[in-house]
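This report refers to the structure that appears directly beneath it.
The values are calculated or read from the model by the stated rules, or taken from the named source; none is laboratory data. Predicted, not measured: the structure shown is a model, and the values here were computed from it. Neighbour counts run over all protein chains shown; Cβ positions are idealised from the backbone, glycine included.
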Number of protein chains: 2
Amino acid sequence: MAKPSSLETRDRILTAANKLFYGEGIRAVSVDAIAEKAGLTKRTLYYHFKSKDDLIEAYLISRDQPNLAAFAQWFDEAEGPVSAKTQVIFQRVAENARHPKWKGCGFLRTVAELANMPGHPAVAVGARHKKKFELWLAEAYAKAGIQQAQDLARAVTLLMDGAFSAMLTHRDPQYAEDAGAAAYRLVELACASS
Amino acid sequence: MAKPSSLETRDRILTAANKLFYGEGIRAVSVDAIAEKAGLTKRTLYYHFKSKDDLIEAYLISRDQPNLAAFAQWFDEAEGPVSAKTQVIFQRVAENARHPKWKGCGFLRTVAELANMPGHPAVAVGARHKKKFELWLAEAYAKAGIQQAQDLARAVTLLMDGAFSAMLTHRDPQYAEDAGAAAYRLVELACASS
DNA sequence: TCAAGTAAACTCACTAGGTAGTATACATGG
DNA sequence: CCATGTATACTACCTAGTGAGTTTACTTGA
């Protein structure tokens, strides 16, 4: 069967790809650089991934569940009404954005960089990730008895993507705080009419 | 002085850079490709621009005023209260996004692609452009007698950036329509408390 | 028990083409 | 004549991807 190191090697490549793709961008990072960071040769990398595009897709897939889980945990841990719980998500995102290595939302940045390849599998992964986030929010709002849960989830998701973009543009976490305040108002408004 | 064709040549290069950088992305486009599209040699391009980075910056600078002017025109032409005028901007953006060549906001995409170079002059141009948009909105809201004009302009700008990101991700103009509806609600809310 | 076989996992050296940027020379209008 | 503008041809290096061969771990037959 497979060597015991096989899965471990694939993970090492993915970890290196994560750091480099997120830190430097997709097209700015060469396959050679990833192989070197992973401590193996390019030929070995191509044994585990059939192309650079394949590796880009795998990079985003590896971030999908962890990111969604973090949002859900922040929301669940927060006290108070859904409006406040929503706002907490934005506050946590703002906190994360203070780390020096923070470089925006990896999904949005990858989609933006691959805008000239709409059919790229990684773009589809990014779109699905954002859809999942919105759907999860909509379900949370529906459980809280909000009538227009879908519309509200859509608006909050738009504010979140706007916050990611603005924080990256201006390098200022305040934008996520302000987006959170706007989201709070919209949730309160929806609650009032429910 | 310069040959009469000099300014024209610079413009030809800038036009080619515009189409290629916006259509394909920054790092995906080579200086050779821009020179070829402009119908001249790379050496001539380097006579007018000192580096690729310089050309990237010039590309964004050339889009700054036209974009802001379009937003202002859409807003001024629209009928009704500021809430409706705000919503119209989003509707116009959604219309534009239906063009096959639409590839998102050139400023946001450039900033996202150059996220690993925070000091890049083009990133600064992108940040200034977004600040100008927000400031223009804040002034329009203040003129309309809204108390929290700045907060409101910030929220609407966040929704706009979110709309750009989501439309690019999902290739669906509906996201701008929904962002416009949310913006409408926030403006109405601010008007009510003024 | 242990040598031979096998397939997975891996490396070295390479191809063919693209990259930003430049040294040098030629043209052309004032 | 001479400054501005343009082109040819080049450097030095990086790019994704591959052909061919080697090492490793495990299986299997005697």
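Restricting to segment A:21-32, count the residues that are of a type outside the set (Val, Ile, Thr) and crowded, with 16+ Cβ neighbours inside 10 Å.
6
What do you reckon, is residue B:175 of a type in the set (Phe, Trp, Tyr), assigned to a helix (DSSP H, G or I), under 21 Å from residue A:188 (Cα atoms) and assigned by TED's automatic domain parsing to the domain that holds residue B:94?
Spelling it out, it is not the case that residue B:175 is of a type in the set (Phe, Trp, Tyr), assigned to a helix (DSSP H, G or I), under 21 Å from residue A:188 (Cα atoms) and assigned by TED's automatic domain parsing to the domain that holds residue B:94.
Filtering segment A:171-194 down to residues that are at the interface with chain B (Cβ under 7 Å from one of its Cβ atoms) and not basic (Lys, Arg), which residue is farthest from the chain's Cα centre (by Cα)?
Applying the filter and picking the extreme gives A:189.
For segment A:176-194, give me the residue count where each residue is under 15 Å from residue A:92 (Cα atoms) and touching a residue at least 40 places away in the same chain (Cβ under 8 Å).
Selection size over segment A:176-194: 7.
Just checking, does segment A:68-84 include any residue being aromatic (Phe, Trp, Tyr) and under 15 Å from residue A:19 (Cα atoms)?
No - not one qualifying residue is present in segment A:68-84.
What number goes with the only condition from (1) farther than 24 Å from residue B:109 by Cβ; (2) away from DNA strand D (no atom under 16 Å from the Cβ) that residue B:65 does not pass?
So the condition that residue B:65 fails would be (1).
Of all residues in segment A:167-194 being at pLDDT 95 or above and of a type in the set (S, T, N, Q), which is farthest from residue B:192 (Cα to Cα)?
The extreme case among them is A:169.
Limited to segment B:27-70, what total is found for residues that are within 13 Å of DNA strand C (Cβ to nearest atom) and either modelled with pLDDT under 95 or over 15 Å from the mean Cα position of the chain (by Cα) (or both)?
27
Based on what the data block shows, is residue A:92 closer than 23 Å to residue A:19 by Cβ, surrounded by fewer than 24 Cβ atoms within 10 Å (Cβ to Cβ) and in contact (Cβ under 8 Å) with a residue 12 or more places away in the chain?
Yes.
Only one residue in B:114, B:55 is in contact (Cβ under 8 Å) with a residue 40 or more places away in the chain and in the same structural domain as residue B:181 (by TED's automatic domain parsing). Which one?
B:114
Would you mention how many residues in segment A:17-55 are near DNA strand D (Cβ under 9 Å from one of its atoms), closer than 18 Å to residue A:125 by Cα and assigned to a helix (DSSP H, G or I)?
The total comes to 4.
Can you tell me how many residues within segment A:1-23 are within 7 Å of DNA strand C (Cβ to nearest atom) and at pLDDT below 85?
5
Could you list, ordered by first residue, the pairs with Cβ atoms under 7 Å in which the first is in segment A:24-45 and within 14 Å of chain B (Cβ to nearest Cβ) and the second is more than 10 Å from DNA strand C (Cβ to nearest atom) and of a type in the set (Ser, Thr, Tyr), at least 6 apart or interchain?
Once the first residue is within 14 Å of chain B (Cβ to nearest Cβ) and sits in segment A:24-45, its partners that are more than 10 Å from DNA strand C (Cβ to nearest atom) and of a type in the set (Ser, Thr, Tyr) give A:26/A:110.
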